[in-house]
Amino acid sequence: MVFVTMSPKPLSPPLHATKPGCYACSPMFVGVVGHATAERRRGRSLAVLLSLIMSAGASAVSLGCDASPSVPEYAPVPEPSEALRPAELRGHVPGDARVADYLIDARLDAELHRVTGTVRLTWRNRSSRTVDDLQLHTYMNAFRADDTAWMQEARGGHRGESLAHEDESAGWGYIDILAVRRLDDAAARLEEGAAELSARPPVELRWAEGAEDPTVSSVTLDEPLAPNGELTIELDFITQLPRVFARTGYAGDFHMLGQWFPKVAVLEGSGWKNHVFTLNSEFYADFGNYTVRLDVPENMIVGATGVRVEERVEDGRKHLRYDAEMVHDFAWVADPDFVEHHGQWRGIRIRQLLQPEHAQDAEWHLAAQIAAFESMDARFGPYPWSTITIVHPPSDAKGAGGMEYPTFYTTSDIITRQPWHALVGFEEQFSGVFTSIHEFGHQYFQGLLASNEQRQPWLDEGMNSFSNSLTFMDWKRTEEPLVARFGNQQVTTRDLGSMSMLAEMELVPVDSPAEDFPKLSESYGSTVYRKTAALMFTLRNMIGGARFDAALRGYADRWRFRHPTGEDLQSTLREQLGARVRLSAPDDEPVELDLDDYFDQALHTVRRVDFEVARVKNRHAVSSAGWHRDEHGALVGGEAPEDERAKVSELPDDQVEAVVMIRRKGGFVLPVELEVEFQDGEVVRRWWDGRAAYRIFTWPGRRVARATVDPDRRLELESYTQNNTRYAAELEREDGLTRPIGDAVELAELALLGGLGL
């Protein structure tokens, strides 16, 4: 799910690396505080302007920039014959990860916005325990009343959308299980889709909703199922779609079917993981094969997880069959107004379903999708499936936008270019395409890795956000891809990352369950998405991109289809990188990064990263004046004391020493690098382990001009950087404006971005 409430429009041609333009530094924000601080301050001030412009244009529909492509002529790409790519292209797909297979028959009543259906579920007990019940998710019940856990937290709203509308009296949704029965000859019946009765008649089973919340249900088995056992149950159900405001539902003729059928929970060694569906919890499920037969009105254009293997029309109804392999969910959409756009990448069919008024944006989303394939397939292993479907919801169904499902996701519109944008020199290449890249990223985090989004949402949303920035870097071939220009200034993805580190991230540790992030705290996005990305970038920056990327690829390869935990990620990185990573040069004092200590602080505490250059000065060096004992024990010397009032600038170099004091103001302990520029132009660097409250560095016989802590901005976790650079007093020309303006800009940005939900 994308958390950003605004979204991006590329101004350069698809897959073209944008070269950042030159710009002049604004004296208001540069002043005399130094290059590194001025760079960050300029980015923050521009971010405020960018946010204002984007928020002003966010409600508009897409026109694109002057170079926006028209709808091209294209040949439809044939539907693949198999749900998985050929064996040599799809990567490792472990057979024992297949736990839950589904055969679903569903009929959509588009007038009542209702689905009636039957689910035939074959479930394999891969655990070492005997079970006497099956736990089910009944997610759609989150929207059936005001007192469900989801609605109590959301209070009827989600990402600026509301369940209540003035034009209709009710828009509730629910799922009602009508009957459950256990079937004989489970495997044969499911594999063949057989309808004939087996030797024994079905056994009716009891089912019940959870006492805590109707989004959890259970089925009591007629006999226990032993380890390595297998069973098939069949459920009849009705799903009433809500008016769409949170991922799933209807808006006019548009129908988005997500979390729409009874779905078995995950059985782990410690028991069933069947969490109550809350505002931020999202989903957790096992892998399996799906065969889904849909019955919809003839005029509906349908998109779904997997591949379409059958389509026929009878009596005004369209009958479709979709097959999907080794996925953990199935979603679909139906709308008579869709127009199609096709593309492909290395044999993978890319299908877009767009509203007619946004058809011209298809090429930009296709470019973003191909960029995501290129980046993520190389970084995190082969994409195993043969299709990806991109859905563009209509303007009255924005609540369905920005959501991920296996081989299927919904995106958002590209911001309209207004006439006044050209007058002020505004360009942006972020909206819309960012949503597409983010939602495709979920095919890996969490589509392939399938971590528990309720228990550790950072493994999904946070790791995906980190991967999205890597995708932009790969796409644009630069470490700081351009997001927007305003006049002669620009904002990069790095500026956005640093400006998004809001104070709310200090309320709850990253490694917390979804329910620990109440809506009122406004901490979910800043912590789960952005702080996770920042902590991973900080680690990558300190260790080195190539080395870190190889270790992360090891994690992705090892845990495909395996439900990894946060500890699995940490242990893999520790194994690949070593428990301690040396950062300082071989001839300097040893400074190491302890990975366990770093992850413990980053994931399990709310400590802040904040380093300050506290003092930069040139002072009198210690002289030999005074009385000292010689080798015979006699006092010798007696020279007069040095006059401390003498100007340092008038002393010879051998009577001067440069002094720099850096301070760790935040509670987060980690190494940091210091860069010192001397007045003769020489620049030196030193690492500090950061464990003490401060460290003083001295250089006898040298005169310091400037000191900067974290000169390469490795520490993405550090949100406040206005104190990272300081000049020697004799070189400062404080204008009285730079620091207060910089602080005011930061405060305004925090307030503004908090209101925008960024």
> So how strong a dipole does segment 99-286 carry about its Cα centre when Lys and Arg Cβ are +1 and Asp and Glu Cβ are -1, to the nearest 20 debye?
Replying inline: 360 debye
>> I need the peptides 667-676, 539-548 ranked by packing, meaning the mean over residues of other C-beta atoms within 10 angstrom, with the highest value on top.
In response: 667-676, 539-548
>> Once R0 is set to 60 Å, what does the formula 1/(1 + (r/R0)^6) return for the Cβ-Cβ distance between S81 and V636, expressed as a FRET efficiency to the nearest 0.05?
In response: 0.05
> Once the dipole of segment 99-286 is set up with Lys and Arg at +1 and Asp and Glu at -1 on Cβ about the Cα centre, which of T116, F143, Q240 lies farthest towards its positive end?
Replying inline: F143
>> Along the charge dipole of segment 290-445, pointing to its positive end and built from +1/-1 on Cβ of Lys, Arg, Asp and Glu, which listed residue (Q443, S431, F380) has its Cα farthest out?
In response: F380
> Running Debye on segment 99-286 with equal point scatterers at the Cα sites and no solvent, what base-10 log of I(q)/I(0) appears at q = 0.16 Å⁻¹?
Replying inline: -1.00
> So for L470, L121, fewest C-beta neighbours within 10 Å to most, what's the order?
Replying inline: L470, L121
> Mind checking which lysines have their C-alpha under 28 Å from K318, skipping anything on the same chain fewer than 8 residues away?
Replying inline: K263, K398
>> Highest mean first, how do 307-313, 432-438, 78-84, 258-264 rank when packing is the count of other Cβ atoms within 10 Å averaged over residues?
In response: 432-438, 258-264, 78-84, 307-313
>> As an exercise, identify the trypsin sites (Lys or Arg not before Pro) in segment 666-700 lying in DSSP coil whose Cβ has no more than 14 other Cβ atoms within 10 Å.
In response: R691
> Which order, highest average first, do 422-428, 298-304 follow once you tally other Cβ atoms within 10 Å for each residue and take the mean per peptide?
Replying inline: 298-304, 422-428
> Relative contact order for segment 99-286 using alpha-carbon pairs under 8 Å, separation at least 6, rounded to a whole percent?
Replying inline: 34 percent
>> Largest first and in whole Å, what are the equivalent-ellipsoid semi-axes of segment 393-456 based on the Cα gyration tensor, each being the root of 5 times an eigenvalue?
In response: 31, 14, 9
> Once the piece of chain linking V606 and A579 is laid out straight, how much longer is it, given 0.36 nm per residue of separation minus the C-alpha distance between them?
Replying inline: 7.5 nm
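Throughout, read-outs are computed from the coordinates displayed, never taken from laboratory work. Treat the numbers as computed from the prediction; the structure is a model and nothing was measured. Note that each Cβ is placed from the backbone with ideal geometry, even for glycine, and that neighbours are counted across all protein chains shown.
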